[in-house]
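J.: Take a look at the following structure, please.
The values are calculated or read from the model by the stated rules, or taken from the named source; none is laboratory data. A quick note: this is a predicted structure, and the numbers were derived from the prediction, not measured. Heads up, the Cβs are rebuilt from the backbone with ideal geometry, glycines too, and the neighbour counts pull from every protein chain shown. For the accessible areas, the whole protein counts, side chains as well, though only heavy atoms, and no ligand, DNA or RNA atoms are used. Shrake-Rupley method; radii C 1.70, N 1.55, O 1.52, S 1.80 Å.
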Amino acid sequence: MKRILIMGVILGLLSSGCSAVNVIRGCPDGIIEWADVVKLNDVKYAGGIEGISEGAALEKGSKVGEVNYMMADHACSNHKIRNGDAAYLPVGTEIYEAAGYRPDFRVIAEDRVFKVRDNEAADTIGDLYDIEGKVEGIILESEIDNSYLAELNEEQTKSFVEDYLSLEYRGYDKVSDEIEGNNRVFLRIHLQDGSSFLESYWLDSNILTTGAYGTERMSMIIEKILEE
């Protein structure tokens, strides 16, 4: 009877979507849904969060590393990501610089862009994001459906970016507990190469999802645009 029960549990796990590898390894998890990340040189990057305008393409620079371990179907949920680990990139996948950017901001793997998610060596957003002098404009989007809301003018963009890059980088985990309310807007930051990325901004708390507190001037710029 015990053998039948054990086999039933295993079959149930397999039918629910858990890989056989995790069952055999004794992982305490069912289905593990990894974020699309890769870690290299102590920097964690996230994929699938960049926008590329039609007709634009990022060029590869020099090779900076390769994947040594794929976490999907091999690691349990308590696995601590190490340099060379990736969630879904196969072992041996080559990782390149994105031409025109520091490799601690962006890398390219399998023709996809991965943007820095965490970098403990960064003190400011300017250290984290290599975008100084490269911002084309900033558009406000609805958090509900990413529809267009408004756009910062040239002067507002310059002031906002100036403050943004000077912010102390803390990391989302260190500021998330202070987020209050649901008054949030998406900022799509467009770069001169035709690419863009999203930044969430909680206006009531003046907190950005990157992991920083905004300045009063930044808050005033966004609120003024939304009022108009």
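J.: Note down the nm distance, to one decimal, between modelled labels 7 Å out along Cα→Cβ at ALA99 and at VAL64.
T.: Once both label points are built, they end up 1.6 nm from each other.
J.: So what J values fall out for the stretch 193-204 if you push phi through Karplus, 6.51 cos²θ - 1.76 cosθ + 1.60 with θ = phi - 60°, rounded to Hz, Gly and Pro as x?
T.: So the J values, rounded to whole Hz, are 8, x, 9, 7, 8, 9, 10, 8, 10, 8, 6, 5.
J.: Which value, in Å², gives the accessible area per residue of the stretch 60-104 when a 1.4 Å probe is used on the protein heavy atoms?
T.: Values: 2280 Å² over 45 residues.
Per residue, the stretch 60-104 has an accessible area of 51 Å².
J.: Going by amide H atoms built from the backbone, whose H comes under 5 Å of the H on THR124, apart from near neighbours?
T.: TYR169
J.: Take ASN41 and SER159, extend 7 Å from each Cα along the Cα→Cβ direction, and tell me the distance between the two endpoints in nm.
T.: It is 3.7 nm.
J.: What FRET efficiency would be calculated for the residue pair ARG112, ARG184, taking the C-beta separation as r and a Förster radius of 25 Å, to the nearest 0.05? Before the final figure, lay out the partial values.
T.: Numbers: r = 27 Å, r/R0 = 1.07.
It comes to 0.40.
J.: Percent of accessible area on the stretch 76-178 owned by carbon and sulfur, 1.4 Å probe? Before the final figure, lay out each step's value.
T.: Working: 2370 of 5580 Å².
Percent of accessible area from carbon and sulfur atoms in the stretch 76-178: 43.
J.: Then there is this: Put +1 on the Cβ of each Lys and Arg and -1 on the Cβ of each Asp and Glu in the stretch 84-228; which of ILE139, MET220, VAL113 then has its Cα farthest toward the positive end of the dipole?
T.: Result: VAL113, furthest along the dipole toward the positive end.
J.: Among the lysines, which fall within straight-line cross-link reach of LYS158, defined as a Cα-Cα distance under 28 Å, with same-chain neighbours fewer than 8 residues apart omitted?
T.: LYS115, LYS134, LYS174, LYS224
J.: So if I place +1 on the C-beta of Lys and Arg and -1 on the C-beta of Asp and Glu, and nothing else carries charge, what would the dipole magnitude of the stretch 32-143 be about its Cα centre? I want it in debye, nearest 20.
T.: On the way: 12 positive and 23 negative charges, 68 e Å.
Using only the charged Cβ atoms, the result is roughly 320 debye.
J.: Something else: Amide H neighbours of GLY137 under 5 Å, counting only residues 5+ apart in sequence or on other chains, H built in-plane at 1.01 Å?
T.: Correct list: HIS190.
J.: Full extension from LYS80 to GLU151: what is 0.36 nm times the residue separation minus their Cα-Cα distance, to one decimal in nm?
T.: Values: separation 71, 0.36 × 71 = 25.56 nm, distance 4.00 nm.
Extra length available between LYS80 and GLU151 comes to 21.6 nm.
J.: Right, something else. Using a simple charge model, +1 on the beta-carbon of Lys and Arg, -1 on the beta-carbon of Asp and Glu, nothing else, what dipole does the stretch 134-224 show about its Cα centre, in debye to the nearest 20? Spell out each step's value before the answer.
T.: Details: 8 positive and 19 negative charges, 28 e Å.
My answer is approximately 140 debye.
J.: From the backbone phi of the stretch 160-169, what are the Karplus-calculated ³J(HN,Hα) couplings (6.51 cos²θ - 1.76 cosθ + 1.60, θ = phi - 60°) in whole Hz, Gly and Pro given as x?
T.: Coupling constants for the stretch 160-169: 4, 5, 4, 5, 4, 6, 8, 5, 5, 7 Hz.
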